[in-house]
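A.B. asks: Below is the structure I would like to discuss, written out as structure tokens.
The values are calculated or read from the model by the stated rules, or taken from the named source; none is laboratory data. Note that this is a predicted model, so its numbers are computed, not measured. Note that each Cβ is placed from the backbone with ideal geometry, even for glycine, and that neighbours are counted across all protein chains shown.
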Amino acid sequence: MSKPFLEVDNLAKVFADGQGGELTVFDEVSFALNKGEFVCIIGHSGCGKSTILNVLAGLDEASKGNVIMNGKEVSGPSLERGVVFQNYSLLPWMTALKNIMFGVRARWPGWSREQVRTHSERYLTMVGLDKAMHRKPSQLSGGMRQRVSIARAFATQPELLLLDEPFGALDALTRGVIQDELVKIWSETQQTVFMITHDVDEAILLSDRIFLMSNGPHARIAESVKVNINRPRSRATIFQDPAYHRVRDYLVDFLVNRSGTATPDTQGKPRVVDPTLLPPVSPQRPAEASACEESNTESAARAVNA
Amino acid sequence: MNSLAMRGSLLSLVFLVVMLGLWELATATSGGGGTAELSEYELLMGGAGDEGVARVPPPSAVISHAIAELANPFYDNGPNDKGIGIQLAYSIYRVITGYSMALAVALPLGFVIGMSPLMYKALNPYIQVLRPISPLAWMPLALFIIQDSERSAIFVIFICSIWPMLLNTAFGVANVRQDWINVARTHELGPLRTAVTVILPAAAPTILTGMRISIGIAWLVIVAAEMLVGGTGIGYYVWNEWNNLDLASVIFSILMIGVVGMLLDMALGRAQRLVEFKE
């Protein structure tokens, strides 16, 4: 097996708790990402998801452990790791286009102005904002701002994209539309994406794998859940797939019942789980269980390979 | 007619007319008893009878004087008699020179203080001690060291306008949202490019506020400074006309000081609007 694209080893973060003691938010967090994978991470508030993401971005430092991307240790921020922040973090004195050009120019300092502009416009068009490119962030809705932010991150073509709850502040309808756009751009660019979310449905729609975190303090990434649903997936039809309900039930069961006690395997790696191979969690759906028997054999083979 | 702006200007006009009317009336009655004995002061002034009694001129006299002065603002009949335009130009030149020098120092220094908590801690005591010093208190030292009254006046402007710009720059720079700094960091911008492309525009509204406060202070101080150093400038002009007991000129120049101060403030107000942004 070749080395994974990104390896996180034994990461921990300790804060002073303000009373002279220490607070270990997360501990012994280890996982790996493969190139081109879309991975979501779900966990209750306070388990340190954002800190993990900031460490991956190089914006924060872990108290222990290390992160290796492409065989090189991550220390400090880099253009190879693009970040989309929850609060968009657009520069408010620039228009949408200028915000993207800001990123593109930083990425390719040698490019001509024309080149930078054409490239930036292409990505703005991808997120459907070609008509609003000369507006400033204050003149855009929350959804539009987040689209600009996503376009900026994708336009710099980083090897790893880190999304910190990008849709957390958006209403459900807008969120759905941008999720579709995100899937579209991602399938065109095949970038590796690591995303924090609180939304189980969003995670299933987007991810190849979903990391489940146990509760902090001393939070761990306890499980890595495979989402065995064929792509392209669509918001409108995904819930008709029986596997969708298997995964969803599994995730909800973890978050509601098991997130306080779950632990990784003995080597500290997340337990690999494929809910479609497990006996159904909720007995009220026997019909679906048999319906996905066929795909089960296939995914069982895949599970063995992994 | 019923818009707020219209009603506001109308009321302003009413106030003006009422004020000028009262003023005119007050000065007219006080001149009534001209037959009284001349005071020693009036005798000294060479006044005999009504003509020479020094009193605050009525607005009509000030206005007609203003029209005459403004008709030919740049005449120059020697050191004691220059047009108001020339005097104002001297003052504005000194303010702009001292102010620009202050800006050239305050901006980079403010960045250093704002970006480095260590420098803030190291320099803050000096700033706190130097800031409350009346700029005119520097004048004797400046005159001794610089040995030139013109440059000393410029130095006084420099020293009085530096503090608001320095403190506002430092404050603006220190309080740039961490999110925007993170954007610069994730895009691998170096410290200089971060300062120019992210921190400067983000702090610009705060910096401009400091610049606006500074220009106001500089304009206040130049009048006093020129009264001290003499020679040219609007401050000297006011004092000189007082010595001439030409009160119409004094009142006229006071008004001109106000108008120029307002124009300077408006210019920076414009600049401030240019760099402002909505989040």
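A.B. asks: How many residues does region B:265-275 hold that are within 14 Å of chain A (Cβ to nearest Cβ) and exposed (fewer than 11 other Cβ atoms within 10 Å of the Cβ)?
C.D. replies: Initially, region B:265-275 is screened for residues within 14 Å of chain A (Cβ to nearest Cβ), giving B:272-275.
The next check asks that each one be exposed (fewer than 11 other Cβ atoms within 10 Å of the Cβ); those that pass are B:273-274.
Number satisfying all stated conditions: 2.
A.B. asks: If a residue must be facing another protein chain (nearest Cβ under 9 Å), in a helix (DSSP H, G or I) and not β-branched (Val, Ile, Thr), how many such residues does region B:176-190 contain? Quick ask: steps written out before the conclusion?
C.D. replies: First, the residues of region B:176-190 that are facing another protein chain (nearest Cβ under 9 Å): B:177, B:179-180, B:182-189.
Among the residues that remain, those that are also in a helix (DSSP H, G or I) are: B:179-180, B:182-186.
Those left that are additionally not β-branched (Val, Ile, Thr): B:179-180, B:182, B:184-185.
Residues in region B:176-190 being facing another protein chain (nearest Cβ under 9 Å), in a helix (DSSP H, G or I) and not β-branched (Val, Ile, Thr): 5 in total.
A.B. asks: Please specify each residue of region B:199-213 satisfying the condition of being touching a Phe, Trp or Tyr at 6+ places or on another chain (Cβ under 7 Å) and more than 7 Å from chain A (Cβ to nearest Cβ). Show your work before the answer.
C.D. replies: Step one: of region B:199-213, the residues touching a Phe, Trp or Tyr at 6+ places or on another chain (Cβ under 7 Å) are B:201-202, B:206.
Answer for region B:199-213, where residues must be touching a Phe, Trp or Tyr at 6+ places or on another chain (Cβ under 7 Å) and more than 7 Å from chain A (Cβ to nearest Cβ): B:Ala202, B:Thr206.
A.B. asks: Please go through (1) free of Cβ contacts under 8 Å to residues at least 24 places away in the same chain; (2) more than 21 Å from B:Gln178 (Cα to Cα) for A:Ser75 and return the number of the only condition it doesn't satisfy.
C.D. replies: With (1) free of Cβ contacts under 8 Å to residues at least 24 places away in the same chain; (2) more than 21 Å from B:Gln178 (Cα to Cα) applied to A:Ser75, the lone miss is (2).
A.B. asks: I'd like to check something: does region A:53-70 contain any residue that is assigned by TED's automatic domain parsing to the domain that holds A:Pro217, surrounded by fewer than 19 Cβ atoms within 10 Å (Cβ to Cβ), in contact (Cβ under 8 Å) with a residue 24 or more places away in the chain and of a type in the set (A, V, I, L, M, F, W, C)?
C.D. replies: Yes, because at least one residue in region A:53-70 is assigned by TED's automatic domain parsing to the domain that holds A:Pro217, surrounded by fewer than 19 Cβ atoms within 10 Å (Cβ to Cβ), in contact (Cβ under 8 Å) with a residue 24 or more places away in the chain and of a type in the set (A, V, I, L, M, F, W, C).
A.B. asks: Within region A:157-174, track down each residue that is at pLDDT 85 or above and under 15 Å from the mean Cα position of the chain (by Cα).
C.D. replies: A:Pro158, A:Glu159, A:Leu160, A:Leu161, A:Leu162, A:Leu163, A:Asp164, A:Glu165, A:Pro166, A:Phe167 - these are the residues of region A:157-174 that are at pLDDT 85 or above and under 15 Å from the mean Cα position of the chain (by Cα).
A.B. asks: Mind listing whichever residues of region B:243-259 are more than 16 Å from B:Pro73 (Cα to Cα) and free of Cβ contacts under 8 Å to residues at least 12 places away in the same chain?
C.D. replies: B:Asn243, B:Asn244, B:Asp246, B:Gly258
A.B. asks: Still on this model: Hey, does region A:119-140 have a residue that's within 26 Å of A:Val55 (Cα to Cα), surrounded by 19 or more Cβ atoms within 10 Å (Cβ to Cβ) and either within 13 Å of chain B (Cβ to nearest Cβ) or of a type in the set (Ser, Thr, Tyr) (or both)?
C.D. replies: Start the filter on region A:119-140 by keeping residues that are within 26 Å of A:Val55 (Cα to Cα), which leaves none.
Looking for residues that are within 26 Å of A:Val55 (Cα to Cα), surrounded by 19 or more Cβ atoms within 10 Å (Cβ to Cβ) and either within 13 Å of chain B (Cβ to nearest Cβ) or of a type in the set (Ser, Thr, Tyr) (or both), one finds none in region A:119-140, hence no.
A.B. asks: Here's something else I'd like to know. Which residues, counting only those in region A:216-246, are within 30 Å of A:Asp27 (Cβ to Cβ) and either assigned to a strand (DSSP E or B) or charged (D, E, K, R) (or both)?
C.D. replies: Within region A:216-246, A:Ala219, A:Arg220, A:Ile221, A:Ala222, A:Glu223, A:Ser224, A:Val225, A:Lys226 qualify.
A.B. asks: Filter region A:81-98 down to residues that are more than 9 Å from every other protein chain (Cβ to nearest Cβ) and of a type outside the set (Val, Ile, Thr), then give me how many there are.
C.D. replies: Within region A:81-98, the first condition is being more than 9 Å from every other protein chain (Cβ to nearest Cβ), and the residues that meet it are A:84, A:86, A:95-98.
Checking the rest, the ones that are also of a type outside the set (Val, Ile, Thr) come to A:86, A:96-98.
Counting residues in region A:81-98 that are more than 9 Å from every other protein chain (Cβ to nearest Cβ) and of a type outside the set (Val, Ile, Thr) gives 4.
A.B. asks: Among (1) more than 14 Å from chain B (Cβ to nearest Cβ); (2) closer than 24 Å to B:Arg193 by Cα, where does A:Ala153 come up short?
C.D. replies: Only one criterion in (1) more than 14 Å from chain B (Cβ to nearest Cβ); (2) closer than 24 Å to B:Arg193 by Cα is unmet by A:Ala153, namely (1).
A.B. asks: So, one more: Specify which of the listed residues (B:Val173, B:Val105, B:Val95, B:Val156) is touching a residue at least 24 places away in the same chain (Cβ under 8 Å), surrounded by fewer than 17 Cβ atoms within 10 Å (Cβ to Cβ) and assigned to a helix (DSSP H, G or I). Don't jump to the end; show me each part of the working.
C.D. replies: On the way: B:Val173 fails: surrounded by fewer than 17 Cβ atoms within 10 Å (Cβ to Cβ); B:Val95 fails: surrounded by fewer than 17 Cβ atoms within 10 Å (Cβ to Cβ); B:Val156 fails: surrounded by fewer than 17 Cβ atoms within 10 Å (Cβ to Cβ).
That would be B:Val105, the only listed residue that is touching a residue at least 24 places away in the same chain (Cβ under 8 Å), surrounded by fewer than 17 Cβ atoms within 10 Å (Cβ to Cβ) and assigned to a helix (DSSP H, G or I).
A.B. asks: A further question follows. Return a yes/no flag: does region B:195-210 have any residue that is farther than 30 Å from A:Ser78 by Cβ, buried (at least 22 other Cβ atoms within 10 Å of the Cβ) and under 15 Å from the mean Cα position of the chain (by Cα).
C.D. replies: So far as region B:195-210 goes, yes, one or more of its residues are farther than 30 Å from A:Ser78 by Cβ, buried (at least 22 other Cβ atoms within 10 Å of the Cβ) and under 15 Å from the mean Cα position of the chain (by Cα).
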